[in-house]
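Each remark here refers to the structure printed beneath this line.
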Amino acid sequence: MSPRYREFTPRAELRDRVACVWAGAAHGNPHGVLPDGCVDIVWAPGSQPWIAGPDTSARPSALPTDTALAGIRFLPGVAAQILGAPVSELTDRSVPLSDLWPRDAARSLKEQLDGARGVAQIIAALEQAILRRDWPPPDPAVRLTVLEIQGRIALGMNCCGRASWNLPISGRQLRRRFVTAVGYGPKRFERIMRFQRFLRLADTVGRGLGLATLAAEAGYADQAHLSRECTSLAGCTPQRLMSG
């Protein structure tokens, strides 16, 4: 995304399912789209809306630079119910929304987005499309585990091996349900959440900190651990990632 990228808080009825609604433009970022554990419905003017599944590593953008984009981003673990398909089938993929939603619903959303005048109408169209869906609640065990992992990562802590605490299911059952709802298992999700914490720290306070300090603040064992994870998830070193 470009500096024009903006995120908007969803309306109150959607905040237990939607992370944000966003608008921006594609750009020639050499690092591509970095994994964040989320699923988005994305739209570009004149195009059919599509689903961007959760990525396991950086995804190169195939869109021309400055292509206008807008989307709605779901919280980890809730998209399967809204889209009507296991998120594991969407991992590292982009598929037309009409492949999963009824064609008339996907077509109606496209028409509303194509006819929108300004960002406010685009946001309203995306939110209304989700509100019209009759979706069951997300898997409670998965959502609790997602929140536990996110909470521990926010404190710079590790959490793998602890994710099935206080749940009346086995670790194997939890992993199977987690993969279905999130797109990958708790361990990879933890890695991606820690990587996102590093990105936020680097963007807000990292310019004045050394990599070793940033690594520790983000919850990595050491700078070498951070470097390995950046190479795996972003395809480059932390230094190159921070330099843009």
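The values are calculated or read from the model by the stated rules, or taken from the named source; none is laboratory data. Source: prediction; values computed, not measured. Reconstructed Cβ throughout: ideal geometry from the backbone, glycine too, with neighbour counts over all protein chains shown.
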Considering residues that are more than 12 Å from residue 53 (Cβ to Cβ), part of a loop (DSSP other than H, G, I, E, B) and over 15 Å from the mean Cα position of the chain (by Cα), the number found within region 72-90 is 1
Filter region 196-236 for residues that are outside any helix (DSSP H, G or I) and hydrophobic (A, V, I, L, M, F, W, C); the one that is nearest to residue 32 (Cα to Cα) is 236
Among 113, 109, the single one that is assigned to a helix (DSSP H, G or I), touching a strand residue (DSSP E or B) at 6+ places or on another chain (Cβ under 6 Å) and not assigned by TED's automatic domain parsing to the domain that holds residue 199 is 113
Residue 110 passes all but one of the listed conditions (1) touching a residue at least 24 places away in the same chain (Cβ under 8 Å); (2) under 19 Å from the mean Cα position of the chain (by Cα); the exception is number (2)
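Within region 59-71, is even one residue modelled with pLDDT of 95 or more, assigned to a loop (DSSP other than H, G, I, E, B) and under 20 Å from residue 182 (Cα atoms)?
Going residue by residue through region 59-71, those that are modelled with pLDDT of 95 or more are 70-71.
Now restrict to residues that are assigned to a loop (DSSP other than H, G, I, E, B): none.
Taking every residue of region 59-71 in turn, none turns out to be modelled with pLDDT of 95 or more, assigned to a loop (DSSP other than H, G, I, E, B) and under 20 Å from residue 182 (Cα atoms).
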